[in-house]
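Visitor: First the structure, then my questions, so here it is.
Quick note: the coordinates plus some simple rules give every number you see, no bench work behind them. Everything numeric here is computed off the predicted structure, so don't read it as measured data. In this analysis, Cβ positions are derived from the backbone assuming ideal geometry, glycine residues included, and neighbour counts consider all displayed protein chains.
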Amino acid sequence: MSKWTRRLLWLGALAVVSGAYLWFFGVQTFFALYARRIGRQIPIVKSVPVELQDLTVSSVQGERLSFLGAEFEVPWDDVDEAKTRIVGNWALINFRSGNSIILCVSPPDGFITSMSKSKTPDPKLFAAIYGPEVLRSDYALHKAIFETTPSQITLFTPANRAAGLSSVILIKAIMPPTTDWAIYNIRSKGFKGFQLGNPVRRPKKMCLELYADDVEFEINISQNTSEPTQGITQAELNRIIQTAHKAAHVQSIFTVNPS
């Protein structure tokens with residue numbers, strides 16, 4: 001057998017093997033590589049919710065904030081009411097320290113309701129991947145999204161599921177309003193939810209998502225990282241989490257009172 005014949009046989013065998021690989025694993029390979037690239041660019045997509053270890057609660061003098069039935073305490077007493085702004089069900093709360101909070105108060109399962117109306121993304125995507133029970137609440141859906149990682153897409157993942165998981169990972173990448181990659185499970189007497197961001201790393205932005213049967217709070221926290229002062233601590237975040245509750249009276253105005 002000549003050298004050229006052997007080369008042609010090797011090239012033919014390589015073409016057959018490559019074609020078979022692409023036929024059986026091409027789709028999975030594409031989505032696996034795509035998801036892992038997102039993970040390298042946005043590390044939070046590789047994180048899953050873990051239990052919060054620091055449960056200490058700050059007890060310093062602070063202020064009680066109230067808006068649209070959402071009420072909670074902050075361990076700071078420098079709310080700048082003159083710079084606070086209200087837009088619909090959103091309140092932008094500024095502090096003289098340079099920190100700020102964006103509070104959103106929503107009805108239960110508002111995310112699923114909005115998604116069902118706009119079909120962006122289509123709820124059928126999540127039902128196909130996780131089962132219809134994932135659409136029973138915003139908390140269940142966010143939990144499923146946060147627990148999805150690029151490592152779940154392998155060569156043996158069915159092609160349709162690989163495509164669906166990669167879409168969820170993209171949603172996970174753009175959803176968290178935070179600059180850190182930690183995700184924690186959080187609980188209080190009336191709420192359960194998630195904390196996005198580890199205050200030890202002093203990220204610019206962190207977020208608390210709190211879910212109850214009749215209301216949802218999203219508390220986005222931005223801190224001033226330009227000053228050489230101590231950043232927001234976990235104990236201070238726990239003060240917000242553990243004091244959050246639905247007020248007896250829903251008022252559209254923003255109020256501040258001593259805690």
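Visitor: What's the tally of Lys pairs in the chain whose alpha-carbon atoms lie under 16 angstrom apart, where the two lysines are 8 or more places apart or on different chains? Provide the component values of the computation, followed by the final result.
Guide: Details: Lys46/Lys143; Lys46/Lys172; Lys143/Lys172; Lys143/Lys192; Lys189/Lys246; Lys192/Lys246.
Taking the chain as the scope, the lysine pair count is 6.
Visitor: Express in nm, to one decimal, how much length is gained between Lys117 and Gln53 on full extension, taking 0.36 nm for each residue of separation and deducting their alpha carbon distance.
Guide: On the way: separation 64, 0.36 × 64 = 23.04 nm, distance 3.85 nm.
That works out to 19.2 nm of additional length.
Visitor: Once the other residues with Cβ under 13 Å from the Cβ of Pro177 are scored (Lys, Arg +1; Asp, Glu -1), what is the net sum? The partial results should precede the final answer.
Guide: Numbers: positive: Lys172, Lys204, Lys205; negative: Asp180, Glu209, Glu218.
Every neighbour counted, the sum reads 0.
Visitor: Work out the P(r) tail for region 182-259: percent of alpha carbon pairs separated by more than 21 Å, whole number. Write down the numbers at each step before the final one.
Guide: Numbers: 1035 of 3003 pairs.
Roughly 34 percent, once rounded to a whole number.
Visitor: Okay, next question. With +1 on each Lys and Arg Cβ and -1 on each Asp and Glu Cβ, how big is the dipole of the chain about its Cα centre, in debye rounded to the nearest 20? All intermediate terms of the calculation are to be shown ahead of the outcome.
Guide: On the way: 27 positive and 22 negative charges, 352 e Å.
About 1680 debye.
Visitor: Mind listing the phi-derived Karplus ³J(HN,Hα) values for region 145-158, rounded to whole Hz, using 6.51, -1.76 and 1.60 with θ = phi - 60°, and x for any glycine or proline?
Guide: 5, 5, 8, 8, 9, x, 5, 7, 9, 10, 5, 9, 6, x
Visitor: Report the net charge of residues surrounding Pro108, where surrounding means a beta-carbon distance below 12 angstrom and charges are Lys +1, Arg +1, Asp -1, Glu -1.
Guide: Details: positive: Arg136, Lys246; negative: Asp109, Asp138, Asp213, Asp214, Glu216.
Result for the local shell: -3.
Visitor: Stretch Glu133-Trp90 to full length: gain in nm at 0.36 nm per residue minus the Cα-Cα span? Can you show the working numbers first?
Guide: Numbers: separation 43, 0.36 × 43 = 15.48 nm, distance 2.93 nm.
So the chain would gain 12.5 nm between Glu133 and Trp90.
Visitor: Right, here's the next one. With the Cα gyration tensor of the chain in hand, give its eigenvalues times 5 under a square root as the equivalent ellipsoid semi-axes, listed largest first in whole angstrom.
Guide: On the way: eigenvalues 432, 87, 40 Å².
Value: 46, 21, 14 Å, ordered largest first.
Visitor: Note down the nm distance, to one decimal, between modelled labels 7 Å out along Cα→Cβ at Arg187 and at Ala82.
Guide: Going by the 7 Å Cα→Cβ label model, 4.5 nm.
Visitor: Measure nothing fancy, just the Cα-based angle from helix 234-243's long axis to the longest principal axis of the chain, in degrees from 0 to 90, nearest 10.
Guide: Computed tilt is about 70 degrees.
Visitor: I would also like to ask the following. Hey, quick one: spin label on Val250, modelled 7 Å out along Cα-Cβ, who in region 95-114 has an amide N within reach, i.e. under 20 Å?
Guide: 103-114
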